[in-house]
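For reference, the structure discussed in these notes is given below.
The values are calculated or read from the model by the stated rules, or taken from the named source; none is laboratory data. Remember, predicted model here, so these are calculated numbers, not experimental data. Keep in mind that these areas ignore ligands, DNA and RNA; they rest on the heavy atoms of the full protein, side chains included. Shrake-Rupley method; radii C 1.70, N 1.55, O 1.52, S 1.80 Å.
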Amino acid sequence: MKWIVSLLAFACIASNAFGVLGETEDDLARRYGKQTKTGSSSLPGVTIRGYTYGSYTVIVGMLNGRAAYEMYSKKDGTKITPNDVAVLMNANASGHTWAVDTGVTGGTGKWVLDDGTAFAEFDKNSSMQLTVMTKEASDLSVKKPAGKK
């Protein structure tokens, strides 16, 4: 019973430590500290910001001045545990509930928020990276360039 209370306490504290989709660059700087990398993305209008936070490397895709996606991986290259996944997804749930996307096959876990505004994806085979993204960022990632079929 003690370990359940400890786990819940850790999840609440950790969920407040990680970024939240929709945050501004100022919000992210307050949360993560100084960014370590800046770059461009193949997604139109998205710029990349990299941060190191605790044992994580966090890559944030900024769209229209807000965090549209966050990719989490361990700095030391170790696997992300199921508990880590739960904590990170909880941090990005904004009071909503994640539901498993049952249409996904293979070794990828995919979830959608109950209001449809965000998605999470985790490759269970490698267990190396969790990505959470807004619907807007997800739509950009599957949109085909004009003139292509």
Probe 1.4 Å, all protein chains in place: accessible area of W111 in Å², nearest 10?
-> 40
By a straight-distance test (C-alpha under 20 Å), which aspartates and glutamates pair with K79 as possible cross-link partners, with residues fewer than eight away in the same chain excluded?
-> E70, E121, D123
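To one decimal place, what Kirkwood hydrodynamic radius in Å is obtained for the stretch 26-67 from all pairs of distinct Cα atoms? Don't jump to the answer; show the numbers that get you there.
On the way: mean 1/r = 0.0950 Å⁻¹.
One decimal place: 10.5 Å for the Kirkwood radius.
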Heavy-atom accessible area per residue, the stretch 45-103, 1.4 Å probe: how many Å²?
-> 45
Convex hull (Cα only) mean projected area of the stretch 34-99, reported in nm² to one decimal = 5.7
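Stretched out fully, how many nm does the piece from V142 to N64 gain, at 0.36 nm a residue minus the Cα gap? Don't jump to the answer; show the numbers that get you there.
Numbers: separation 78, 0.36 × 78 = 28.08 nm, distance 1.84 nm.
Full extension from V142 to N64 adds 26.2 nm.
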Over all alpha-carbon pairs of the stretch 20-149, lay out the pair-distance distribution in 10 Å bins, whole %, shortest bin first.
-> 12, 43, 37, 8, 0
